[in-house]
Amino acid sequence: MMWLRRGQKPEHHSFLSVVVIFYNMRREAARTLFSLSTQCQQNLTADDYEVIAIDNGSTEPLDPKFVEGFGENLRYIYFDANTPSPCAALNYGVKLARGRLVTLCIDGARILSPGVLSYSMIASRAYENPFIYTLSMHIGRKAQNYLADENYSQQDEDTLMESVDWKQDGYSLFDISSMAFSSGTGYFSKLNESNCITMLRSAYQKLGGFNERFRSAGGGLANLDFFNRINQRPDWQPVMLLGEATFHQFHGGTATNVPLTEHPWEEMAKEYSLVTGKPYRPCRRKPVYFGNIHTKCHHLLGHSEETW
């Protein structure tokens with residue numbers, strides 16, 4: 001486990017490109033883009049990173065001026081998608097990226113905590129081939145699949161978010177959020193995926209990026225497949241960022257915002273088998289732990305239900 005002083009600044013040679021995918025998310029994009037701006041991300045300037053915001057064939061696309069209004073290091077791309085899957089858009093975004101490092105956000109509805117980018121950049125210097133990720137959380141007192149069963153709405157979420165001053169202190173989102181199912185019980189759990197992954201751009205290209213044969217809405221199990229493929233490579237070092245997370249907004253997501261009785265897992269698992277030639281099984285490797293524990297997330301440091 002590695003601990004760093006909050007405020008330690010990454011060297012410029014670690015210039016990073018964030019690729020974030022949106023689909024009909026005007027409401028959610030406003031918060032996500034703010035969280036990716038220098039107004040939120042700590043210890044960085046616009047010269048340290050860029051954000052490539054990709055609209056994946058939205059019928060209600062974002063306004064480029066709106067996106068670029070969050071900072072000079074943000075740019076907007078409309079991707080004329082022929083599938084509801086984000087995989088091709090992610091691969092396209094990485095092709096446009098200027099950074100030595102890339103941060104991949106497959107779901108633009110997820111707000112990043114303030115230290116994700118700077119700590120990812122610092123952690124990248126510790127290993128030759130790092131694979132850096134953090135927890136996925138849902139805004140709400142319980143996982144959003146349960147909330148969907150209770151007629152929870154975006155208006156309910158807006159009220160909940162207004163109860164904390166998250167723009168001044170992004171870590172306050174821990175106070176109103178719960179664990180995503182794929183993140184177990186906290187930082188020391190065995191994760192199945194992450195919705196914010198940082199790695200070398202050259203390593204991403206060597207891996208072949210996201211598998212574009214996953215064509216279902218939201219990518220189906222494409223993100224879990226990507227996580228598996230990396231963990232199958234012994235030469236890549238997994239790194240879990242402590243004290244950070246992404247926070248999922250309620251937006252009618254294909255898998256996260258439906259009752260469990262309506263979850264499309266069966267269809268997603270079938271597509272996975274067709275694409276990969278085998279049934280889905282998680283592949284996990286114990287990560288090293290890196291970062292600075294914020295007081296807001298001490299409760300996520302308990303013993304995991306699945307021990308390594």
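The values are calculated or read from the model by the stated rules, or taken from the named source; none is laboratory data. Since this is a predicted model, take the numbers as computed values, not measurements. Don't worry about glycine lacking a Cβ; one is built from the backbone with ideal geometry, like all the others, and counts go over all protein chains shown.
In the stretch 4-22 there is no residue matching the filter, namely being modelled with pLDDT of 95 or more, out of contact with any Gly (no Cβ under 6 Å at 6 or more places or on another chain), more than 27 Å from Lys296 (Cβ to Cβ) and part of a strand (DSSP E or B). The set of residues from the stretch 179-203 being within 21 Å of Pro282 (Cβ to Cβ) and among the hydroxyl-bearing types (Ser, Thr, Tyr) comprises Ser182, Ser183, Thr185, Tyr187, Ser189, Ser194, Thr198.
Only residues that are part of a loop (DSSP other than H, G, I, E, B) and buried (at least 24 other Cβ atoms within 10 Å of the Cβ) were counted in the stretch 89-107, giving 2.
Taken across the stretch 133-142, residues that are at negative phi and in a loop (DSSP other than H, G, I, E, B) do occur, with at least one present.
Return yes when Glu68 is surrounded by fewer than 20 Cβ atoms within 10 Å (Cβ to Cβ), of a type in the set (Asp, Glu) and out of contact with any strand residue (DSSP E or B) (no Cβ under 9 Å at 6 or more places or on another chain) and no when it is not. No; evaluated as a whole, the condition is false for this residue.
A residue that is surrounded by fewer than 22 Cβ atoms within 10 Å (Cβ to Cβ), out of contact with any helix residue (DSSP H, G or I) (no Cβ under 7 Å at 6 or more places or on another chain), in contact (Cβ under 8 Å) with a residue 12 or more places away in the chain and on the phi > 0 side of the Ramachandran plot can be found somewhere in the stretch 178-196. Looking only at the stretch 170-184, which residues are of a type in the set (Ser, Thr, Tyr), within 14 Å of Glu244 (Cβ to Cβ) and in contact with a strand residue (DSSP E or B) (Cβ under 7 Å, 6 or more places away or on another chain)? Ser177, Ser183, listed by residue number. Residues in the stretch 77-88 that are in a strand (DSSP E or B) and hydrophobic (A, V, I, L, M, F, W, C): Ile77, Phe79.
Taken over the stretch 142-186, the criterion of being among the basic types (Lys, Arg) and at pLDDT below 90 is satisfied by Lys142 alone.
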